[in-house]
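All remarks here apply to the structure that follows.
The values are calculated or read from the model by the stated rules, or taken from the named source; none is laboratory data. Owing to the predicted nature of the structure, the values given are computational and were not obtained by experimental measurement. These accessible areas exclude ligands, DNA and RNA; they are computed on the full protein's heavy atoms, side chains included. Shrake-Rupley method; radii C 1.70, N 1.55, O 1.52, S 1.80 Å.
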Amino acid sequence: MKNILVGILIGGWISSTTGWAAPDKPAGFNLVNPAVANWLAKWENRVNRLSSRVDSAETDTRKLASWQDFFVADTVKIPDLRQPAVIYQHVSPQTTARNWANGFSQRFWEDVFHFQLQPTRMRQLAKKKNRTRLEVTASVALTGVLSEGRQPLRQRDEWVLELEATELKGTYQDLVIHSIRRKTGSVDLPGLTIAKVADYHEQMQHWFVRFLADSTRQTQALGKLKQLMRSDTVVVITGEKADTLTLAQLLALRLRPEAIARFQIQSFDLEYCDDFIENPDKVVVGQLIVLEGVTVSVESPQLYRRKRTDAVPFPAGRREPWVQASNLIVHWNQPSQLR
């Protein structure tokens with residue numbers, strides 16, 4: 001189905017560009033050509049230089065350079081990552097290349113933001129003599145603190161960029177951006193939601209069962225659990241008795257399938273961190289949310305007992321959300337059938 005859709009999109013585009021032809025041997029998505037990656041990195045750098053506080057004459061020069069050297073025209077539409085996350089997700093706002101360059105001024109607190117564009121895949125769409133059309137898929141992110149309301153902004157998405165370039169001996173020159181569109185799919189909104197908490201609970205439940213029941217994939221399941229858990233211990237409740245066991249001790253019980261089927265995570269604590277922003281000192285800071293006594297069950301009147309938040313620094317370059325669970329309490333509904 002994907003091949004059919006790609007064929008339709010390519011065919012429709014070619015029919016609207018007289019004189020262009022599909023390559024003789026159309027390639028699938030490949031690693032991005034270094035010349036293309038370096039050129040896109042240059043555009044990323046030009047956008048980020050818009051946040052530097054300089055005199056107005058230099059600011060105007062930087063604005064012009066951030067679109068004039070990269071776009072076929074200043075009217076090319078760009079998904080507007082600067083909009084609040086909910087607006088960006090549900091409305092998909094766009095702006096022109098010129099407005100994109102002009103619109104950063106005074107939008108961010110302390111005039112500091114960070115734009116990232118990481119190309120991941122590339123394919124050739126069409127050729128006309130030595131001019132080539134390329135499609136590049138890229139992960140993009142924009143972080144900062146909006147001036148209005150001092151609200152943190154952390155946008156992450158995937159874009160599809162259509163470029164035109166001169167191809168010479170396997171490399172590309174004279175690149176220009178013809179269009180940018182969002183890749184179909186949902187946007188990862190910042191913040192810890194009930195759905196995310198439930199998903200983490202489900203992930204742990206899944207990998208615990210795999211760890212205990214599937215001897216062929218215990219190593220994989222153990223690795224997943226260690227990623228999700230701060231320590232390798234759990235509190236096991238059977239009837240009136242509670243034992244603290246390591247994962248190795250839990251596995252050594254050699255539980256029967258009937259017992260594993262009754263294995264349930266009753267509660268846990270959760271540490272979640274995202275909403276990464278880069279402060280004026282170039283330090284990446286994230287919002288840490290700690291939930292204590294999380295119980296993902298319709299039987300529980302509350303999702304958690306206590307919550308606290310904090311701002312924490314992160315190593316340079318790290319901007320992906322992370323999550324860890326601790327103080328896991330598990331139980332079997334029928335302790336008499338434990339073995």
* Structure fact -> For region 76-140, dividing by residue count, accessible area per residue (probe 1.4 Å) in Å² works out to 43 Å²
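Using every Cα-Cα pair within region 34-182, state what percent have a distance larger than 23 Å.
36 percent
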* Asked: P(r) tail for region 194-332, what percent of Cα pairs lie past 20 Å?
  -> 51 percent
* Structure fact -> Taking 75, 137 and ranking on accessible area (1.4 Å, protein atoms only), highest first, one gets 75, 137
* Of 196/307; 63/129; 127/169, pairs whose Cα-Cα distance is over 22 Å -> 63/129
